[in-house]
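Asks: Pasting a structure here, questions to come.
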Amino acid sequence: MASAASMEQRQGFRGDKLRCGVIGVGEEGATLIRKLTKHGHEVRMAHSKDPEDMSGLAERTGAQPVEIGEVVKDVDIVFLSIPEKAVPELPKGLFKGCPSDMIVVDCCNYYPSRDGRIQEIDNGLPESVWVKNQIGRNVIKTFNSILAGALEEAGRPKGSEDRIAVPISGDDSKAKEKITRLVDEMGFDPYDTGDLAHSWRQQPGSPAYCTNLDLKNLETAIRSAHKEVMPGLRDEAYRKMSTADKQMDWKSLVRMLRETYANPSKQTGLEAMPGTSSTTTTTA
Ligand SMILES: NC(=O)c1ccc[n+]([C@@H]2O[C@H](COP(=O)([O-])OP(=O)(O)OC[C@H]3O[C@@H](n4cnc5c(N)ncnc54)[C@H](OP(=O)(O)O)[C@@H]3O)[C@@H](O)[C@H]2O)c1
């Protein structure tokens, strides 16, 4: 059977070559870097430490390790893939002087058990609005709600039966259009969740979060999200993940998240559990 990667290559993805900066080179950032470079995009990358530490990833992908101040220079898109608590630790004025059409993609999520309490988010401010306020720049929210393992392995050519969908929120329609093309190029059906004010519908605890749904079921899941119950479900999922006997692979995580987030008795308003009906396609 052909691998997902070779299927993607055969499909011949379209799209201009982009210059990208990636901040954070952990599980999520490194996966993004592998995907972006595989599709021929130019990538520079940074974390909070010495760029030298990224030499292995640089060798494997061709991405250029740089100091954090350099990662936003001369790029079309910057991806934030760091823990939520690290966002306020980014250098002050990092984006000063960057052109207004440079896009910042927020891939981050808030987990209080990992990030500590962030009062404004606890009080209901959508996570990406908080990120936008912290960095003083508009953001597009995407890739936050697909696990790194799925991002790496579950991309499929357009029209494939088992193609999963990825939500995108944001206020800038031009920027969203560009990111929509990129999501499609990476092998996923883009789904427009609306503006940033509604981006909580793709946050941890929502039925759309990392549950690998196809387009039709993602649409249902986004509509079914129930803000009040989401923090409790998010914390329950985090607890299950961190107390599991052995580390869960991404497919087991998707199954666990589906069970936890789409339980109709908890996610009020959710009549059917998206992703578990016979009509749903998933790679998990
Ligand atoms: N893992 C996933 O499947 C996944 C999927 C979707 C979204 N996300 C989200 O993506 C973000 C990163 O997750 P992850 O799993 O990749 O975490 P991770 O493996 O712990 O990696 C975090 C990265 O952020 C860097 N970092 C931390 N503080 C920083 C700072 N102040 N400035 C610059 N870089 C900093 C770390 O490098 P140094 O500490 O060495 O600087 C590291 O490279 C989280 O918000 C997560 O919720 C993760």
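The values are calculated or read from the model by the stated rules, or taken from the named source; none is laboratory data. Since the structure is predicted, the reported quantities are computational estimates derived from the model, not experimental observations. Positions of Cβ are generated from backbone atoms using ideal geometry, with glycine treated the same way; all protein chains shown enter the neighbour counts.
Asks: So is Ile164 closer than 22 Å to Ile103 by Cβ, crowded, with 20+ Cβ neighbours inside 10 Å and in contact with a strand residue (DSSP E or B) (Cβ under 8 Å, 6 or more places away or on another chain) or not?
Replies: For Ile164, the condition - closer than 22 Å to Ile103 by Cβ, crowded, with 20+ Cβ neighbours inside 10 Å and in contact with a strand residue (DSSP E or B) (Cβ under 8 Å, 6 or more places away or on another chain) - is not met.
Asks: Take the residues in segment 22-55 that are under 17 Å from Val87 (Cα atoms) and more than 7 Å from the ligand (Cβ to nearest atom), then tell me which one is surrounded by the fewest Cβ atoms within 10 Å (Cβ to Cβ).
Replies: Checked segment 22-55; the qualifying residue surrounded by the fewest Cβ atoms within 10 Å (Cβ to Cβ) is Val22.
Asks: Mind listing whichever residues of segment 108-155 are over 22 Å from Lys92 (Cα atoms) and of a type in the set (Phe, Trp, Tyr)?
Replies: Those that are over 22 Å from Lys92 (Cα atoms) and of a type in the set (Phe, Trp, Tyr): Tyr111, Phe143.
Asks: Hey, another quick one. Of the conditions (1) without any contact (Cβ under 8 Å) to a residue 24 or more places away in the chain; (2) in a strand (DSSP E or B), Glu120 fails just one. Which one is it?
Replies: The number of the failed condition is (2).
Asks: If you take the residues of segment 91-112 that are more than 23 Å from Ala197 (Cβ to Cβ) and touching a residue at least 12 places away in the same chain (Cβ under 8 Å), which of them is farthest from the ligand (Cβ to nearest atom)?
Replies: Per the criteria, the residue is Cys98.
Asks: List pairs: first residue in segment 42-66 and modelled with pLDDT of 95 or more and of a type in the set (Gly, Ala, Ser), second residue within 13 Å of the ligand (Cβ to nearest atom) and in a helix (DSSP H, G or I) anywhere in the structure, Cβ distance under 6 angstrom, at least six positions apart or on different chains.
Replies: Ala46/Ile68; Ala63/Ile33
Asks: I'd like to check something: does segment 185-193 contain any residue that is outside any strand (DSSP E or B) and farther than 21 Å from Gly29 by Cβ?
Replies: Within segment 185-193 (the criterion being outside any strand (DSSP E or B) and farther than 21 Å from Gly29 by Cβ), the answer is no, since none of the residues qualifies.
Asks: Would you say Leu253 is at pLDDT 90 or above and crowded, with 19+ Cβ neighbours inside 10 Å?
Replies: yes
Asks: Can Gly69 be described as at pLDDT 95 or above and over 28 Å from Cys210 (Cα atoms)?
Replies: yes
Asks: Being of a type outside the set (A, V, I, L, M) and within 12 Å of the ligand (Cβ to nearest atom) narrows it down to one residue among Thr142, Thr61; which is it? Can you show your working first?
Replies: Working: Thr61 fails: within 12 Å of the ligand (Cβ to nearest atom).
Answer to the check: Thr142.
Asks: On to the next question. Name the one entry in Asn212, Asn217 that is part of a loop (DSSP other than H, G, I, E, B) and either within 16 Å of the ligand (Cβ to nearest atom) or crowded, with 21+ Cβ neighbours inside 10 Å (or both).
Replies: Being part of a loop (DSSP other than H, G, I, E, B) and either within 16 Å of the ligand (Cβ to nearest atom) or crowded, with 21+ Cβ neighbours inside 10 Å (or both) holds for just one of Asn212, Asn217, which is Asn212.
Residues are listed down the side, and each one gets a yes or a no for (1) modelled with pLDDT of 95 or more; (2) more than 14 Å from the ligand (Cβ to nearest atom); (3) surrounded by fewer than 23 Cβ atoms within 10 Å (Cβ to Cβ); (4) not in a loop (DSSP other than H, G, I, E, B):
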residue: Val87; (1), (2), (3), (4): yes, no, yes, yes
residue: Arg114; (1), (2), (3), (4): yes, no, yes, yes
residue: Leu125; (1), (2), (3), (4): yes, yes, yes, no
residue: Val129; (1), (2), (3), (4): yes, yes, yes, yes
residue: Gln134; (1), (2), (3), (4): yes, no, yes, yes
residue: Arg137; (1), (2), (3), (4): yes, yes, yes, no
residue: Thr180; (1), (2), (3), (4): yes, yes, yes, yes
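Asks: Return yes or no: is Ile68 within 9 Å of the ligand (Cβ to nearest atom), farther than 21 Å from His198 by Cβ and buried (at least 19 other Cβ atoms within 10 Å of the Cβ)?
Replies: It is false that Ile68 is within 9 Å of the ligand (Cβ to nearest atom), farther than 21 Å from His198 by Cβ and buried (at least 19 other Cβ atoms within 10 Å of the Cβ).
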